[in-house]
Each structure stands twice: as C-alpha cells, then as structure tokens.
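Before any comments, here is the structure.
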Amino acid sequence: MSGPKRYKVSSKHLPISLQLRIWAGKILFRGDNVGGGRGTVFRLPAKQVAKLWCSRNELASMEFVQAKTSVPVPRVLEIYEIKDDADGRVHIVMEEAPGGNAYEEYVNMTDEQVATFGSDLADCLEQLRALEPPRGCKVGNTLGKAGLDHRLSSRLWGPFDTITDFHTYLRRGHPIEHWESEPDVVRVHSRPEGTYQLKFTHADLAPRNIKAKNGHITAILDWEFGGWYPEYWDYTKMYWGESEVWENFYRAVEGEDRIVKYPEEKAAELAIWKHMHPFAYDDPPWKPEDDLKYQRAQQGTDDSTKAETSGLDDKAKDETDDADDTTKVQTNGPDNQDQDSAPGPKETTSQEQ
C-alpha cells in the first residue's frame, strides 16, 4: 500500500482543489457533516474526510500506530504541509471511517455487542501498551516533545524526565503535604519512581473518538494527544467527562477482564479534578513564596475582621448605653410627675389644728 501524497502549501490559504471538495461535501452532506460542516473537520466526496490545521503530533501518532499495530486508524491519503507555519501544522485528507452515529451506536448496543466492543477495545489497548518506548523516553508526546491534553488546559506541557515530575505538575507544583486532605492523591503520588511504566497512550479514548458498528470498533480517531504517559492514563482519562449517555461504553470497559483497571489512580484523578479546573494549569505553578503571600493575605483578612468586629462591638456597646440612658429618662420623668400630682394624705397645718 503506497503512502500518502504530500504537497507543499505556500500560504495558509487552502489549495483550490481542496476548497472545491470541501464545498462539494457541504452540499452533499448538508446537515450530516462532521461538526455541521464548520470548524476544521469536513466530509468530502468519495468517502473521505479533511482535517485542517492538524498538529504534527497527531499525524505522527497515526503513522506510528499504523506502522506498528493493527489498531484501526483512518488511512491518511494526502498531506498538505503549510510553509512557515510556526506550529508545524498540516492539512490532511483521510479515509472516512465506517460506522454510524456515535450516540445511536452506543445507546442501542445489545448486551452481546457491549461484550464485543469491550473485547475489541482490549485488543487495541494491549497492542498500544506493547509498544516499546524509545531510549531516553520522557513523559510527553509521540515526537518526544511537549505534550497536549485538554485535561491539562489547552497549553503545551512537559516533556518531563520522570513520572514523579509529571505527578508534581498534576498538582500544579504543590508539595504532597498540601494534599493531606485527599489520601487517594497522597497514596498514588507518593509511590516511588518505577512503580509505573511509560506506555504509548491515545489519551482521549472517549466514546466520541471510537467509531463502532454492531459492537465492533471500526476506527479510533483524534490522536492529537497521543504520546508516552504513565500506564494508567488511558484508563483514568476515559472517565474525564463521564456521562450516563455513554453507559454502555463504561459497561464494556469494566466488564472486560483484559482491560487493566486502575481504581486507586482513578480515585486520585477524581480528587484532583475536584480541586483543579483544567484552566488552573494556565497559571504559573506553585512556589514556596506563594504560601507566605497567602499567610500574609490571611493575616490581613483576620486583622481586618477583628477590627470590624471590634468596631461593631464598640458600636453595639454605645447603642446599649444610649438605650439605657433613654430608659432611665423615660422611667424617672413620668414617675416624678405622677408623684407630685398624685392625691395623697393632706398635710395638716398648725392653723387647721
């Protein structure tokens, strides 16, 4: 089988021939295009799909998996290399993967098809996990460079020399002592280097990225996050954005004995997700001086609160004193008046006697 055709694109404008095919696809598949015919993925005539502004790592991941395994990956037919693109992105045209609407396929699976899907997924994962990492491999993308995973925001991260360093990044640099309230995180992230192996990982095995037909996997899509991660990453990432809509997907995963489960690592990830929004990784990592700033800010808040409380206490005391004075005035005034005018025993004078 011959490799993909390669073209050089001198500008960021699409070649006329590709523009025409995208336009034809929008007409032919109106209302049934990938992404509604917008964005970067388009159905084309002749059972093809165009993906624009594709990362170099996605292309490298697809080619690596196709060369080393039988995992079903769409065959790339054309590659358009964009001249002077700072990120090295490319446009690709690939075969359209067979399979129906993802939602309908998963929701309507029978018990037998769920079991079939789980077995197919186990086959794919076993092949990926059997791939040998290159010498000096780091936690990062397929090309050995900085990785991308939307679980960790939309910025590049790493590469990291060790899994311990990667775990520290997951905590945004915070020492493990800061996570004492989350024992699952402490348990997993305190394990010594060498506990986990680096495995080739898709890193986004969500149902939307696995096409199926009658329970059989027909293609695994979107390899943009592909790379070398701790061995548990594909399993835990399946639960990032978990939804009841995909119940049959999770039944297949948990029901297949050949899919290695990582319940402790999943619990640790769930704990981190509870505290760390993906966009938190856009901020600089924690530094020791951050604690001092926090303590000073807290001290200032405490002093301010004390001052406000003290002021309120003084005000309340003044209001109480004023109220007491008013009560005395109101009490003494009428009593005196009543005492002067009240009828009492008449005093007898000497003349009257």
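Somewhere in the stretch 187-197, is a residue assigned to a helix (DSSP H, G or I) and touching a Phe, Trp or Tyr at 6+ places or on another chain (Cβ under 8 Å)?
Checking the stretch 187-197: at least one residue is assigned to a helix (DSSP H, G or I) and touching a Phe, Trp or Tyr at 6+ places or on another chain (Cβ under 8 Å).
Results for (1) in contact (Cβ under 8 Å) with a residue 12 or more places away in the chain; (2) in a helix (DSSP H, G or I); (3) of a type outside the set (Phe, Trp, Tyr); (4) in the same structural domain as Pro288 (by TED's automatic domain parsing), shown as yes or no for each residue.
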site: Thr116; (1), (2), (3), (4): yes, yes, yes, yes
site: Leu121; (1), (2), (3), (4): yes, yes, yes, yes
site: Leu128; (1), (2), (3), (4): yes, yes, yes, yes
site: Glu132; (1), (2), (3), (4): no, no, yes, yes
site: Arg172; (1), (2), (3), (4): yes, no, yes, yes
site: Ser181; (1), (2), (3), (4): no, no, yes, yes
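As an exercise: evaluate Tyr235 against (1) in a helix (DSSP H, G or I); (2) within 26 Å of Val41 (Cα to Cα); (3) among the aromatic types (Phe, Trp, Tyr) and give the number of the one condition it does not meet.
Every listed condition holds for Tyr235 apart from (2).
Among the basic types (Lys, Arg) and either over 34 Å from the mean Cα position of the chain (by Cα) or at pLDDT below 90 (or both): does that describe Arg30?
yes
Restricting to the stretch 134-155, name every residue that is hydrophobic (A, V, I, L, M, F, W, C), surrounded by fewer than 20 Cβ atoms within 10 Å (Cβ to Cβ) and in contact (Cβ under 8 Å) with a residue 24 or more places away in the chain.
Hits for the stretch 134-155 are Cys137, Leu143.
Looking only at the stretch 220-262, which residues are in contact (Cβ under 8 Å) with a residue 24 or more places away in the chain and under 15 Å from the mean Cα position of the chain (by Cα)?
Listed by number, the residues that qualify are Phe225, Trp233, Asp234, Tyr235, Thr236, Lys237, Met238, Tyr239, Trp240, Gly241.
Could you list, ordered by first residue, the pairs with Cβ atoms under 7 Å in which the first is in the stretch 65-88 and part of a strand (DSSP E or B) and the second is at pLDDT 95 or above and among the polar types (S, T, N, Q), at least 6 apart or interchain?
Pairs found: Leu77/Gln48.
The values are calculated or read from the model by the stated rules, or taken from the named source; none is laboratory data. Quick caveat, the model's predicted, so the values are computed rather than measured. All Cβ positions, glycine included, derive from the backbone under ideal geometry; neighbour counts span all protein chains shown.
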